[in-house]
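Worksheet: one structure, shown below.
The values are calculated or read from the model by the stated rules, or taken from the named source; none is laboratory data. Here the structure is a predicted model, which is why all the values come from computation and not from measurement. Reconstructed Cβ throughout: ideal geometry from the backbone, glycine too, with neighbour counts over all protein chains shown. Note: accessible area is taken over every heavy atom of the protein model, side chains too, but ligands, DNA and RNA are not part of it. Shrake-Rupley method; radii C 1.70, N 1.55, O 1.52, S 1.80 Å.
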Amino acid sequence: MAFTSKSSRLLFIATILLHLSVTQADSQPTTGELFPVGDWHVFGGLSFGCNDQVLASGRSEFGLIYLAGAFTDCDGVAANGVVSYDPATNRFAPLVSGGHNGVDGQVNALVVSGDQVYIGGYFTQAGGQQVNRLARWDGEDWHSLGDGVNEPVWAMAIHDDDLYVGGWFNEAGGQSANHVARWDGEAWHSLGDSETNGVNDFVLALAVDDQGLVVGGYFDQAGDEAASRLAHWDGQRWQGLGSGVSHSGFASISALAISGGDVYAGGQFDQAGDVRANNIARWDGRRWTSLGTDANGDIGVNGAVNTLVAAGNHVVVGGAFTRAGSIAVRHLAHWDGSQWRALEKGETGGVDGPVLSVTLVGDELYVGGQFHLAGGNMANHIARFDGRHWRSLGQGGQNGLNGTVTALAVGGDDLFVGGEFTQAGDRLVNHIARWDGQQWHPLGDGVDDTVWAITIVGDDLYVGGRFRTAGEVGANRVARWDGGRWHALGEGEHNGVNDAVTALTGSGDDIYIGGWFTVAGGQAANYLARWNGSAWDSLGSENIFPCCAVIALAMADGELYVAGNFNEDGGSPGNNILRWDGVDWHRLGDGVDSRAWSIAVAGDDIYLGGDFIRAGDQSANQIARWDGSQWHALGLGDDNGVYCCTVQALAVAGDDIYLGGTFSQAGGKPAGHVARWTGDGWRSLGSGKRNGVNRSVQALAVSGNKVYVGGEFNRAGNELSARLTTFVIEAQDE
């Protein structure tokens, strides 16, 4: 929860503000350099904003804006969970102490007092020292708050120089403190002396007034008093705010703000006291009132409220809603004391995902959350609104992506990348982009949802995923890019397939697709189908695959290999892997004993990756080789294959097999989510701190002496590389 400003100024009173310009730094060089054998070639961090959700923010007396959340990178600056931003320079800076950057887990709450910054969340270390979910930053170093608390913190507020914290915990400083506690700078105190101190369930929001502390969350009792999701602590005793809030389902309070003696409460509820109130209401000390009129049903907002900021009788509300009163909004709305207003009009107004924090600084709002666009412009998880215009934070110049990479393909000198992202470097791209070795390019208007698979056949690029539109063309989960525009596979409403496509491969004029679908081109096709350029064919899949999904495909010598999550039950002829010779289906021995995620062909051998532990009658940990007649493990004894957990991607480079996934070891040796099998042993990619990447790998592609690696990671070889990186197999020729 963001710390609520006590400024009494009204919002948006300024109609003309200085137009700030964001200067982009020159792009960092990413190609054309000579790399030694085994080196990582990184793409840098994320241009503008942060690489994961911003949950809280606050301003110091020196004008710095502090942000907290789940991020690890802000505009190319490594920042673990907390970062400072200087509006004067438009730059981020990490909070480093003792050589350690930030904290070791998600930060949920932040509050600033003078030049002191307090944070709370899931973390247990700050600056390398034990802090137990709470820490203080003095501008140079991190400090613990006694022994901290025993479970995550979700809310913070300061009153009379004391810090109040709320969350899931029931101990503070080793003493009983039920979900809310006070830190006086030296010791922890519960709110109440008996075993019924505090409240009886989670606390998500705190705010202070002249008389004490207002608490919101999931609870229905405060001390010995009934208190439905809201309570007030005056320093001596607890009291409910009338009869609190309720819901026909389950009610909660996740946001609080106080202005002019009134308490504004937001969350998930449809009743406040005896008044209808949709997710936001006002308490004046005696009774509840809704924000909006009941005559037209224009009360409150139509989704969860996550954050509030108030000044005078003006309130800015952020959350997961799309309507405020009777007007369309995008996750943000302004209550002016009598009616609801959008912060700005138009389809690109507001932000494109849930808002989780709002901080008022002068006449500007700093808005954090789970979004990528603000006012239609790039702004990853954090943006600034000056009353008329949105501004992204940071100077750009990075070449990373703002969402997971799930598919890669190389065509000539170009790398095609697909996934969940909408931004590549400083370009807006919708789930599919092209890297030419120097810069990013969109493919028209891209597609409207995740890309799971890419293949190149001739001069055409085929993509599959969850999307329904490619460019301006209706294209159901599969589409073709001819270099200039998008095409559906099939005509009319029956083009494409009826559910997600997770695999693609091609041979001659034929395109094979696999996934979760059961209809292709209006005809039955269970999880596998073929497009011949003009019509769809099921390959008999409606009888071969009664359940459950095709996840990977590969062609070898004109034959199709199909892998996924299917087995003999229900009449299927193979365990999670099959071969199609153009006429009939064939087993590969006894297959594997669990789901297969990826296939690669190397000469006469078929390599299969997944989450299985047996292939045929062999122990094979998540990776195995089929030689045409039997299965083989990669490696000997207990150290064959990888540990732990899944091989999601495979690629072949010469005699070597590259694999990526969620594993941490290969052949019993450390391997950060990516490794190489040489035929006689395992090798990590890089060594020491430069070994592998820091999160899962979901896609691999090889071109010449480069292995392209895509996934969820943001570091490769201990350097920033957001969701995409390159491993150089051998020295490049200049």
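In the stretch 218-257, which residues are of a type in the set (Ser, Thr, Tyr) and modelled with pLDDT of 95 or more?
Once the filter is applied, which keeps residues that are of a type in the set (Ser, Thr, Tyr) and modelled with pLDDT of 95 or more, the stretch 218-257 yields TYR218, SER228, SER243, SER246, SER252, SER254.
Test ASP605 against the criterion of being open to solvent by less than 70 Å² (accessible area, probe 1.4 Å), more than 18 Å from ALA556 (Cβ to Cβ) and charged (D, E, K, R), and give yes or no.
Details: open to solvent by less than 70 Å² (accessible area, probe 1.4 Å): yes; more than 18 Å from ALA556 (Cβ to Cβ): no; charged (D, E, K, R): yes.
So ASP605 fails the test.
Exactly one of (1) among the charged types (D, E, K, R); (2) loosely packed, with under 15 Cβ neighbours inside 10 Å; (3) in contact with an Asp or Glu (Cβ under 8 Å, 6 or more places away or on another chain) is unmet by ARG229. Its number?
Of (1) among the charged types (D, E, K, R); (2) loosely packed, with under 15 Cβ neighbours inside 10 Å; (3) in contact with an Asp or Glu (Cβ under 8 Å, 6 or more places away or on another chain), only one is false for ARG229: (2).
Just checking, how many residues over the stretch 83-142 are surrounded by fewer than 18 Cβ atoms within 10 Å (Cβ to Cβ), touching a residue at least 12 places away in the same chain (Cβ under 8 Å), assigned to a loop (DSSP other than H, G, I, E, B) and of a type in the set (Val, Ile, Thr)?
So the count comes out to 1.
What is the number of the single condition among (1) modelled with pLDDT under 95; (2) of a type in the set (A, V, I, L, M); (3) assigned to a strand (DSSP E or B) that VAL583 does not meet?
(3)
Can you pull out every residue in the stretch 536-570 that is among the small types (Gly, Ala, Ser), without any contact (Cβ under 8 Å) to a residue 40 or more places away in the chain and over 24 Å from GLY616 (Cα atoms)?
Within the stretch 536-570, just SER538 meets the criteria.
Mind checking which residues of the stretch 647-668 are β-branched (Val, Ile, Thr) and open to solvent by less than 20 Å² (accessible area, probe 1.4 Å)? Lay out the reasoning, then the answer.
Keep residues of the stretch 647-668 that are β-branched (Val, Ile, Thr), which gives 647, 652, 657, 662.
Of everything in the stretch 647-668, those that are β-branched (Val, Ile, Thr) and open to solvent by less than 20 Å² (accessible area, probe 1.4 Å) turn out to be VAL647, ILE657.
Considering each residue of the stretch 636-646, count those that are touching a residue at least 24 places away in the same chain (Cβ under 8 Å), open to solvent by 20 Å² or more (accessible area, probe 1.4 Å) and more than 15 Å from HIS673 (Cβ to Cβ), and give that number.
Selection size over the stretch 636-646: 2.
Inside the stretch 412-427, can you point out the residues that are touching a strand residue (DSSP E or B) at 6+ places or on another chain (Cβ under 6 Å), over 23 Å from GLY661 (Cβ atoms) and either open to solvent by less than 20 Å² (accessible area, probe 1.4 Å) or at pLDDT below 95 (or both)?
GLN423, ALA424, GLY425 - these are the residues of the stretch 412-427 that are touching a strand residue (DSSP E or B) at 6+ places or on another chain (Cβ under 6 Å), over 23 Å from GLY661 (Cβ atoms) and either open to solvent by less than 20 Å² (accessible area, probe 1.4 Å) or at pLDDT below 95 (or both).
Given the condition under 36 Å from the mean Cα position of the chain (by Cα) and open to solvent by less than 20 Å² (accessible area, probe 1.4 Å), answer yes or no: does some residue in the stretch 580-590 qualify?
no
Cβ-Cβ below 7 Å, separation at least six or inter-chain, first residue in the stretch 687-709 and open to solvent by 30 Å² or more (accessible area, probe 1.4 Å) and in a strand (DSSP E or B), second at pLDDT below 95 and small (Gly, Ala, Ser): which pairs?
The qualifying pairs are VAL702/ALA653.
Tell me which strands (runs of 3 or more DSSP E) are completely within the stretch 441-505 and hold 2 or more residues being open to solvent by 50 Å² or more (accessible area, probe 1.4 Å), or say none if there are none.
In the stretch 441-505, 451-457 are the strands (runs of 3 or more DSSP E) which contain 2 or more residues that are open to solvent by 50 Å² or more (accessible area, probe 1.4 Å).
Mind checking which residues of the stretch 610-635 are under 20 Å from HIS673 (Cβ atoms), part of a loop (DSSP other than H, G, I, E, B) and either open to solvent by less than 30 Å² (accessible area, probe 1.4 Å) or not charged (D, E, K, R) (or both)?
At the first step, the residues of the stretch 610-635 found to be under 20 Å from HIS673 (Cβ atoms) are 610-613, 620-624, 634-635.
Keeping just the survivors that are part of a loop (DSSP other than H, G, I, E, B) gives 611-613, 620-622, 634-635.
Correct list: PHE612, ILE613, ALA620, ASN621, GLN622, LEU634, GLY635.
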